[in-house]
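One structure, pasted below without further comment.
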Amino acid sequence: MTAHSDPVRTPRRAFWGDARFFLGVLLVAASVVGVWLVVSAARQTVPVYAAAHTIVPGETIGTGDLKVVDVALGSLAGTYLTADDLDEAQVATRTIESGELVPVASVGDPAAARTTSVVVRSAVDVPASVEAGTVVELWSAPLLEQGAYDEPRILVADATVVSVTRDDSMIGGGAAALEIVIPRADVAATLAAMADESALSIVPTTGAGS
């Protein structure tokens, strides 16, 4: 009588082994989707405003002063000015360089502005590096008598140039009238110096024009 041996059975894979395999596949898929979402978000651009020219503190900002650019801001969305943020009457609260994206925090209500602009004529040559947006000091030498002036002193320590009109007909070509933005607290002293015929001088702060 021939003995029959039992057939060899292939061991079945444990269920937890299959579950681990599928979990690994899901994790890989989730990782791929996550990377795709991050890359996709980074490529998304939004239209925001950039300065079409240098805008100085206190200057009223209109659409003619701005240009629309599409940039990928990511988490910085909402930080920069868009068409929805621009009101009819807003002024710059700091200097915004030409081409710079306009931060929402750099514009404000004209009623809250702490600066104003005045026009002064410099008694000394104005460097060629002085232009719109240049930060300067305004110095004053009080008039003692005709042709004699007291020692110069700083009248305004922090002013920003709006525009420069140079008189090339003068010898040396350095005489200039400048519109400058100054703190409102310095307006009275500045107007008094102009009325007293003090010699006013525009001096760029350290690093101007570099």
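Any residue in the range 59-71 that is within 30 Å of residue 201 (Cβ to Cβ), in contact (Cβ under 8 Å) with a residue 60 or more places away in the chain and in contact with a helix residue (DSSP H, G or I) (Cβ under 8 Å, 6 or more places away or on another chain)?
yes
If I ask for residues that are in contact (Cβ under 8 Å) with a residue 12 or more places away in the chain, open to solvent by 40 Å² or more (accessible area, probe 1.4 Å) and outside any strand (DSSP E or B), which ones from the range 100-127 would you list?
Scanning the range 100-127 gives 100, 104, 105, 109, 110, 114, 123, 124, 125, 127.
Quick check on my filter: what residues within the range 46-89 are assigned to a loop (DSSP other than H, G, I, E, B), of a type in the set (Asp, Glu) and either over 14 Å from residue 101 (Cα atoms) or in contact with a strand residue (DSSP E or B) (Cβ under 6 Å, 6 or more places away or on another chain) (or both)?
Listed by number, the residues that qualify are 59, 84, 87, 88.
Quick one: would you say residue 177 is within 20 Å of residue 58 (Cβ to Cβ), at pLDDT 90 or above and over 26 Å from the mean Cα position of the chain (by Cα)?
When the stated conditions are applied, residue 177 passes them.
If residue 51 satisfies every condition in (1) at pLDDT 70 or above; (2) of a type in the set (A, V, I, L, M); (3) over 30 Å from residue 116 (Cα atoms) but one, which is the exception?
Unmet for residue 51, out of (1) at pLDDT 70 or above; (2) of a type in the set (A, V, I, L, M); (3) over 30 Å from residue 116 (Cα atoms): (3).
Hey, can you tell me all the residues within the range 51-83 that are touching a Phe, Trp or Tyr at 6+ places or on another chain (Cβ under 9 Å) and among the small types (Gly, Ala, Ser)?
Residue satisfying the conditions is 83 alone.
For the range 128-154, which residues satisfy the criterion of being farther than 24 Å from residue 95 by Cα and either open to solvent by 40 Å² or more (accessible area, probe 1.4 Å) or free of Cβ contacts under 8 Å to residues at least 24 places away in the same chain (or both)?
Those that are farther than 24 Å from residue 95 by Cα and either open to solvent by 40 Å² or more (accessible area, probe 1.4 Å) or free of Cβ contacts under 8 Å to residues at least 24 places away in the same chain (or both): 143, 144, 145, 146, 147, 148, 149, 150, 151, 152, 153.
Here's a follow-up. Have a look at 140, 163, 201 and point out the one that is modelled with pLDDT of 90 or more, polar (S, T, N, Q), in contact with a helix residue (DSSP H, G or I) (Cβ under 9 Å, 6 or more places away or on another chain) and not in a loop (DSSP other than H, G, I, E, B).
Within the list 140, 163, 201, the selection yields 140.
Related question: Here are some conditions: (1) aliphatic (A, V, I, L, M); (2) open to solvent by 80 Å² or more (accessible area, probe 1.4 Å); (3) modelled with pLDDT of 85 or more; (4) out of contact with any Pro (no Cβ under 8 Å at 6 or more places or on another chain). Residue 56 meets all but one. Which one does it not meet?
For residue 56, the failing item is (2).
The values are calculated or read from the model by the stated rules, or taken from the named source; none is laboratory data. The shown structure was predicted, so the numbers you read here are calculated from the model rather than taken from an experiment. So basically every Cβ, Gly included, is an ideal-geometry build from the backbone, and we count neighbours across all protein chains shown. In case anyone asks, the SASA skips ligands and DNA or RNA and just uses the protein heavy atoms, side chains included. Shrake-Rupley method; radii C 1.70, N 1.55, O 1.52, S 1.80 Å.
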